[in-house]
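Every number in this text was worked out from the coordinates using simple rules, so none of it is lab data. The structure presented is a predicted model; accordingly, all values stated were derived computationally and were not measured. Positions of Cβ are generated from backbone atoms using ideal geometry, with glycine treated the same way; all protein chains shown enter the neighbour counts.
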Amino acid sequence: MLDIARPIAANFDSPAAEETLRSIERFYYKEARLLDAENYRAWLELIDEDIRYWMPGMETRRRDDKRGSYEYGEMAFFDDNYAMLKVRVARYDDPSAWADNPATRHAHLISNIEAFETGDPQLLAVFSGFTNVRNRNLKDQDVIHGRREDMLRRQVNGSFKVALRRVLIVQDILLSKNLNTFF
């Protein structure tokens, strides 16, 4: 299993081939489309069963603080494995999930995609930026900006699965009433 607390290991002098990068872009656009449609069961098929999905709380710290804006083991909005992601997805089918009825409208915008070789032919380090816009009811709207640091695992058929995702938001404080979304 990959260690979510360690920086992504990549050779930043070895960008992925253009054809590989284009395949990764298509993968991310498909993922965004599935999330926008709240097709979470299909989205789970893009996730490796060894996933670590972590979204730490961000803190404003002085530049000389070696911990940076976040540190593993401190506050996190999500620190999920595959079993927890399955539980979160199953919750959408529960009629008592009032925070999701009526449905939330989503727009996941993905940009700034960079992919690098890692030294392991199965793994690629991928960095991307995102904007997640959510709207519900008449006036509940949230806009969350951030970046993702992913490790994608190449599959035998040439597709990819997300093996590690670190979601780093730019906000210190989320003003959202809930986080019924994935990034």
Within the set Phe130, Phe78, Phe12, GNM on the chain using Cα springs under 10 Å gives the largest fluctuation to Phe12
Would you mind computing, in nm to one decimal, how far apart the modelled labels at Gln155 and Ile173 are, each placed 7 Å from Cα along Cα→Cβ? 4.3
Length-normalised contact order for the range 75-177 - Cα pairs under 8 Å, 6+ apart - percent: 18
Across the range 172-183, in residue order, what do the Karplus-derived ³J(HN,Hα) couplings come to in whole Hz, using 6.51 cos²θ - 1.76 cosθ + 1.60 with θ = phi - 60° and x for Gly and Pro? 6, 10, 8, 8, 5, 6, 7, 10, 7, 8, 10, 10
For Ser111 and Glu49, extending 7 Å from Cα along the Cα-Cβ vector and measuring point to point gives, in nm, a value of 3.8
Whole-number value, in Å³ per residue, for the convex hull of the alpha carbons of the chain is 127
Tell me which aspartates and glutamates have Cα within less than 17 Å of Lys86's Cα, excluding those fewer than 8 residues away on the same chain? Glu31, Glu38, Glu45, Asp48, Glu49, Asp50, Asp94, Asp100
Rounded to the nearest 500 deg cm²/dmol, what is the calculated helix-only ellipticity per residue at 222 nm for the chain, with -39500 (n - 2.57) per DSSP H run of length n ≥ 4? -5500 deg cm²/dmol
Across Trp98, Trp43, Trp54, the residue with the highest GNM fluctuation in the chain (Cα network, 10 Å cutoff) is Trp98
Of Thr60, Leu152, Phe127, which is farthest on the positive side of the dipole of the chain, counting Cα position, with +1 on Lys and Arg Cβ, -1 on Asp and Glu Cβ, and the Cα centre as origin? Thr60
Along the range 102-119, what does the Karplus equation 6.51 cos²θ - 1.76 cosθ + 1.60 (θ = phi - 60°) give for ³J(HN,Hα), rounded to whole Hz, x for Gly and Pro? x, 5, 7, 9, 10, 9, 9, 10, 10, 8, 6, 7, 10, 10, 9, 6, 10, x
Going by C-beta contacts inside 10 Å, put Thr20, Thr60 in order with the fewest on the left. Thr60, Thr20
Which of Gly158, Gly119, Gly129 moves most in a GNM of the chain, Cα contacts under 10 Å? Gly158
If I take every Cα pair under 8 Å that is 6 or more residues apart in the chain, average their sequence separation and divide by the length, what percent do I get for the relative contact order? 26
